Each structure stands twice: as structure tokens, then as C-alpha cells.
Amino acid sequence: MQHNEYDIGAAFKAIEDELIKSMIRNMDRHRAEETKEGIEWSMWQAEQLKALEKYKRDNRKRYGKQFQNLNKEIGELIRISRQKGNMQQEIQILNAIRKGFPARKISKGATAEFFKLNERKLEALIEATTHDMEAAETAVLRKANDDYRKAIFNAQVYANTGAGTYEKAVDMATRDMLSRGLNCVEYANGARHTLADYADMAIRTASKRAYLQGEGEKRQEWGITTVIVSKRGNPCPKCLPFVGKVLIDDVWSGGKKSDGPYPLMSKAVAAGLYHPRCKDSHTTYFPGISTADDIWSEKELEDIGQANQQEAERKYASRQVEKYGRLAEYSLSPENQKQYKQKSEKWEGEAGERYTVSDEIKVYRDDTPEKMIDLVDKYTEDEFVVLKETAEHAYAYDPDTDTIVVNPAHPLYEYYDYREVMIHELAHRIDHNEFGSPMNVQFTDAILESEKRLLKDADRYNKLFAPGGELEYNNLISDILGCLTDNVIVGDAYHESQYIGIPGYSELEVFANVFTALYQGDDVTVKFLKEELGELYLAFLKVVGE
């Protein structure tokens, strides 16, 4: 089974947790004997040292193969990221050509040379990432062994200084390890990080570079080397000087200084652009079609500074939640468990602070129904966005708290269209509070009727999503048809059949997708809805009261 970046990061986190858990389990199971003279630490230490040797053998055997499999998955993920970048860039270039950009593919011979060179670059990236991960994987096992050994000897030291019970002595001996985790990787600046944290950084960085390489390869095919760093609401401080600027991409697109009066990408990268965990990105600059905007107002710069400060505070709070959560889970003393649980919950409240959204998501089509515009205005007035780095999805509406939970650390976060996905999740919020689409008989009937009609002509509709088809890159229509037909008719975007098979979930997703399409979709999407899914379109309008 193929994993995504989130799955692999979670797998490394699970390994780290199990290493700590089995260590604490040994200390809980093999307790020191208490006599009238006190605790028999010497006998306990001898017993624990035997357990440590078994712990080392078992971990080498248990995790060696697991690490190998995860490293293979990482290599495959990097390759897939390159393919995605390649495909998305081709869409951009073809759209620009339709708008009049005079592009022409370079010769096949030159393309073949580019391909060979880029293939070598990709393999070098995979090899370097895998090598670094192998070193980190070895380090985490060694760190677990060292921390276990320290705890064995420190428990007696803390007992002698008045720790009191066996449980409290062990808790004091393991507190440092539980506070920081198995921080086995040291960066150049001296900071130490856990395996899971390092894996997250390494995988996301390598995947992003592969994605940018894929984009660059496609630009090379068309002889385009100019790019523009995308302007977004909260750029990284290191990237801010380059946001909105046009650059010559000499790193991924084969550009040269002579290609135009613009700075080189390599200079920008050397100055901090695309640092590890960077969320910024660039897109192709098509002279005569694209617009550059690298001017920031004083208010915008002030907002960016405030947003970056809030994000830093939120990340600190998240780290505290994780720290005290570990201490609460793995401490042996009930008194300590209770104390740490209270601290974890306190920091969780700080990490879960709510935010509003910017007005950019409220830009709508000229023909968007007035009722939908009013609903979006109504449901964006309050603070309904929660940032949570441990959330399972990059974006998801949570009906229990009536919030949209955003995970900016999720590996797929930067690939989503922020405006489209926020309106989609906001539509779920509106549906939950105003309508309850799964309970609307007319809407459900329209879905069933649409399914019957679509399946009769499944081949024709699937051809629309084939390479070169009219809907090849239309994610909204792909997901709608996938939900209607249980993925019999579908393009690249879809929900898993297991998910939409849950009663009511298909209606929820169809409602959110139709809402998104009518609010901000393109003309092709809206035309398809009205002409090919007329009964569903009309039923939706009745649900929202139009």
C-alpha cells in the first residue's frame, strides 16, 4: 500500500512512541523490591540491564525491516511529487497558450538531454534523502538505548536525594527524556530534534524540491525560464523579500542570466528562499499575460509580522502540548500523571486559538446566487478556524466544535488551492448549521436520479477526464461524479468509496462541491452542472432557498 507524506511521518512518530513505551513498560513491570532497609536498587539495576540488552536486540530486529520499507516509500513519494509538478506545470503552460502566449516546444534531442540530466538529479536527491534518513534511524535506536541506560542508574540517584516512592524516582530519571522525546538528530546550529520531526522536515523538503524539479522540466520543454514567487497572505520571513518578484529560474528550469533583466533563482535560494519547511512557492511568469506585484503596503507588512508572531506562539504551544502529553502518558506516579495532564490541557487551549479568514476567500462569480453570498458573509464573521498541527487532514470541518481545522504542517497543505478548499469546508459548516442536506428528500432523490442517468453513459463521461478531455483537470466535477457514482465515473480528485459509502456522507460532499462550484468555479464547471446535472443543480438551489 502506498503512503503519503503524512502516513510516513506518522509511522516514524509511532516507532518513536513505541520505543519509549516499551522502555517504560519494562520499568513498570520489573519493579525494585522494597525491604525494611529500603529499595534494593542493585538487584533492580542488574535486572534492568538484562532487559536493556533484550530491548536492543528486539528493536534492531523489529524496526530494521520497517525502516527499509519506509525509506522505499520515501523514494516513491519523491518520484510522485516530481510527476505532479510536471503535470501541473503543463496545465499552466497550455492555459497560457490558449490566452495567446507564443510558446513552442524545443527540439526532441534537447528534451532528451534535459531528461537524462534531470533523472540524475532526481536519483541524487532520493539517494541523499534516504542516506540521511538511515543515519537518523540508526541514531534513534542508539539514543533510546542510551536514555534507557541513564534512567537505570539515575533512578537510584534520585531516590537517594529524597524522591520518595519507586514511581517518583523512575519518573525523575525519565523526565528529561520524556520532556524532549528521543532527540537523536543534531542540526548544524546545535539544535536537537526527534526522528519524527526530522523525518517530517526531510520528506517535505525533498518532496517540494522534486515537485519544483518536475515543474522546471516542463518549462524546459517549452523554453520558458521566468517564474514569479507567489504572493500569499502570510509568507515566510526569509522568503518575504522575493514574494511577488520575477526571477530567472536557473535552478530547476535551466535558465541563464542572459534570459532577462531579473535576479537569478539560485541567488534567492542562497539568501533563504525555499528553506526547510518553507510554505512559499512560485509559478511560471508569462510576459504579457502574468502580472508581477512585489509591493507591500505598511498595513500588509504589519499583518504579516503579526501573523508570523502568532504562528510562532502557536507552534510553541503545540510543542508544550506534546511534551506534557508524553509526561502524562508515561509517568508511573498517579500524582505526576494528573499534574502533567492538567498542564497539557492548559497548553492545548492556547494551541487551539481560533482565527477569522481573510476576505480573499469571499470573492464570488458574477452569477453566484445572492443567498449563497449572504450565507458566506454570515459564516465568516466569527473566529471559526483552528490551527492544529496534529490534525489528520490539511483542512477539515469539525461539526462537534463548529470549526474548520487547518493543519499547516500537513504535507498536502501547500498543494491545496486555499480559496477553493476553504469555501468547500465553509459549505460543510453552512450545510450543518442551516440545511442538513442528507435529510432533504428532494436533494437525495436528485442524487439517486443523477446516478442512474450517469451510469447509463459512463464511458462518455469517463472520456471527459481522460488525457486531453474537457474535464481532465476539473477536480470539482470529478469529485461530484465520483460521489454520485461511487467512483465508477471519476477523474483525479475523489473521496474514497469507503468514506462516501457511509450514509449521508455522499450528500454532504456533493452539497459542498456544488456550493464551491457555483460560488467560485469556472464557466466550464458551472455550465456542466447546469446542462449535465440539471436536476441536481435545481435541487441544490431549493435546498439553499433560491
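The values are calculated or read from the model by the stated rules, or taken from the named source; none is laboratory data. Treat the numbers as computed from the prediction; the structure is a model and nothing was measured. Positions of Cβ are generated from backbone atoms using ideal geometry, with glycine treated the same way; all protein chains shown enter the neighbour counts.
See the values below:
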quantity	calculated
Single residue of Gly214, Gly164 found to be over 22 Å from the mean Cα position of the chain (by Cα) and either over 30 Å from Gly325 (Cα atoms) or in a loop (DSSP other than H, G, I, E, B) (or both)	Gly164
Options Gln309, Gln342: the member that is surrounded by fewer than 15 Cβ atoms within 10 Å (Cβ to Cβ), within 21 Å of Glu414 (Cα to Cα) and free of Cβ contacts under 8 Å to residues at least 12 places away in the same chain	Gln309
Gln306 outside the structural domain of Glu414 (by the TED database) and closer than 19 Å to Arg180 by Cβ	no
Residue within the range 49-61 that is part of a helix (DSSP H, G or I) and modelled with pLDDT under 90 present	no
Flag if Tyr158 is assigned to a helix (DSSP H, G or I), touching a residue at least 12 places away in the same chain (Cβ under 8 Å) and farther than 30 Å from Tyr274 by Cα	yes
Some residue of the range 351-358 being farther than 29 Å from Gln88 by Cα, outside any helix (DSSP H, G or I) and aliphatic (A, V, I, L, M)	no
Of all residues in the range 284-301 being of a type in the set (Ser, Thr, Tyr) and without any contact (Cβ under 8 Å) to a residue 12 or more places away in the chain, the one that is nearest to Thr225 (Cα to Cα)	Thr291
Criterion: within 24 Å of Asn407 (Cβ to Cβ), assigned by the TED database to the domain that holds Phe540 and aliphatic (A, V, I, L, M) - qualifying residue of Ile361, Ile373	Ile361
Any helices (runs of 4 or more DSSP H) falling wholly within the range 389-467 and containing at least 3 residues that are without any contact (Cβ under 8 Å) to a residue 40 or more places away in the chain and assigned by the TED database to the domain that holds Asp374	441-456, 458-464
Selection count, the range 190-211, where residues are more than 17 Å from the chain's Cα centre (by Cα) and either buried (at least 23 other Cβ atoms within 10 Å of the Cβ) or under 30 Å from Pro102 (Cα atoms) (or both)	1
Asp132 vs. criteria of a type in the set (D, E, K, R), surrounded by 12 or more Cβ atoms within 10 Å (Cβ to Cβ) and more than 30 Å from the chain's Cα centre (by Cα)	no
Residue list for the range 508-527, restricted to those being crowded, with 22+ Cβ neighbours inside 10 Å, in contact (Cβ under 8 Å) with a residue 40 or more places away in the chain, over 16 Å from Val363 (Cβ atoms) and over 24 Å from the mean Cα position of the chain (by Cα)	Phe511
Extreme residue, farthest from Ile248 (Cα to Cα), among residues of the range 276-301 that are more than 27 Å from the chain's Cα centre (by Cα) and in a helix (DSSP H, G or I)	Lys299
Residue check for His432: out of contact with any Cys (no Cβ under 8 Å at 6 or more places or on another chain) and under 16 Å from Tyr494 (Cβ atoms)	no
Condition check for Ile304: touching a residue at least 60 places away in the same chain (Cβ under 8 Å) and assigned to a helix (DSSP H, G or I)	yes
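To keep it simple, each residue is scored yes or no on (1) acidic (Asp, Glu); (2) out of contact with any strand residue (DSSP E or B) (no Cβ under 7 Å at 6 or more places or on another chain); (3) surrounded by 13 or more Cβ atoms within 10 Å (Cβ to Cβ).
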site: Met265; (1), (2), (3): no, no, yes
site: Gly272; (1), (2), (3): no, yes, yes
site: Lys279; (1), (2), (3): no, yes, yes
site: Thr284; (1), (2), (3): no, no, yes
site: Asp293; (1), (2), (3): yes, yes, no
